[in-house]
Amino acid sequence: GTVLVLSMKEDAKLYLQESKLAELVRTHSAFVQPPIRLWARRRRLPTDLPSPGPPKSKLSSPALARGSLSSALTPEARSSSSPAPASVSAASADPAPDVDAGVWDWRPLNELRPLWLREPSLVSEGEYAEFYKSISSDPQQPLTRRHSSLEGKNLQLRALLYFPRSSVAAQLGAGSESAGRGLKLFVRRVFICDAAEADFLPEWAGFVRGVIDSDSLELNISREHLQRSAAVAAIKRALTESVLEALETMASDEPQSYDIFYAAFGNRLKLGVHEDERSRERLLGLLRFPSTHISSSSFLFSSSPSSPSSIASSSSPLSSSSDLSSACPAGVASAMAADISALPMA
């Protein structure tokens, strides 16, 4: 039973509005464990009609349980409080069962449970998909995801990372209309900031969307602390490793999905080769380049090349020198016709 009374200034009456209070709680404390409830009006239900009295509160304070907020305050607090609590008290004391007026009751604001804190085996595909849409506003399904946790002596980290299907989805974090669609940072389930990829991921991995939650950071973390913190450096290394593992797995197990990813974000990987010395060797293995492909069975060319530089891999093999001359410019065809006859044909 503790009652905290806030006296609002004239220019801060916006924070007495139910919608503003609900927005603040859902933005910053939607996933905290202690329940947060808002005393607000709701529509009267048929089950409410037989009981004309005020709804019973679920809180432990006897004064609040009787439905009267003002009875829990001191006389000084009651006299200095804003008109909003007074109207709440008046509505609570009115026993008339007006169907149109509605009823006052405690509305829970943080019933959501953090998806990233659950075991991956207990989360369905539908829940992963809905959570991605809620944090990214991307109507398309992500190419892949990485749900991981790291617990060490001085580091605790939970991360749920998504890899978008297109570069347009990755750019939703830019601009005022779609701000807040990047990597979200939580500390002990309290929301801290959006666009945390600038501090917790290398620049080439800025396409990643999702959430990270750590108990190793301070709630009042500042920009200066981020730059000097050893925990931040450790989290950045762990997230970079997780991103590389996800890309390597996708490249080997889902080549078609990786082709889609590379078409959208291949330039970012090339940027990483230049700038990220620690990850350079692994990034080199993820690069793809169009080229002439020579195997024991065939030459592979693009379907309709117009110049020697446009020769690229394709799914249509050439089986003879006549196919070669029709697919390539004359100069290239004449230079390679003598060699193709020596290869075994499929």
* Asked: Ranked highest first by the average count of other Cβ atoms within 10 Å around their residues, in what order do 144-156, 186-198 fall?
  -> 186-198, 144-156
* **T47 accessible area, assembled protein chains, probe 1.4 Å, Å²** => 110
* Structure fact -> Rounded to 0.05, the calculated FRET efficiency for the beta carbons of R288 and V168 at R₀ = 25 Å is 0.75
* **Among 239-246, 226-233, 204-211, 263-270, the order from most to least packed when residues are scored by Cβ within 10 Å on average** => 204-211, 239-246, 263-270, 226-233
* Residue-normalised accessible area of the range 219-262, expressed per residue, 1.4 Å probe, Å² -> 54
* **Percent accessible area from carbon and sulfur atoms, the range 117-167, protein chains only, probe 1.4 Å** => 47
* Asked: Which distance in nm do the two modelled labels at S121 and K236 give, with both placed 7 Å along the Cα-to-Cβ direction?
  -> 3.6
* Global form of the range 195-279, assessed from the alpha-carbon gyration tensor, a/c cut-off 1.5 -> prolate
* To do: Pairs to check: K20/K236; K9/K184; K20/K184; K184/K236; K13/K133. Give those whose C-alpha atoms are more than 23 Å from each other in this structure.
  => K20/K236; K9/K184; K13/K133
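The values are calculated or read from the model by the stated rules, or taken from the named source; none is laboratory data. Quantities reported herein were computed from a predicted structural model and do not represent experimental measurements. Cβ sites come from the backbone with ideal geometry, for glycine too, and all protein chains shown count toward neighbours. Quick note on the areas: whole protein, heavy atoms, side chains included, nothing else; ligands and nucleic acids left out. Shrake-Rupley method; radii C 1.70, N 1.55, O 1.52, S 1.80 Å.
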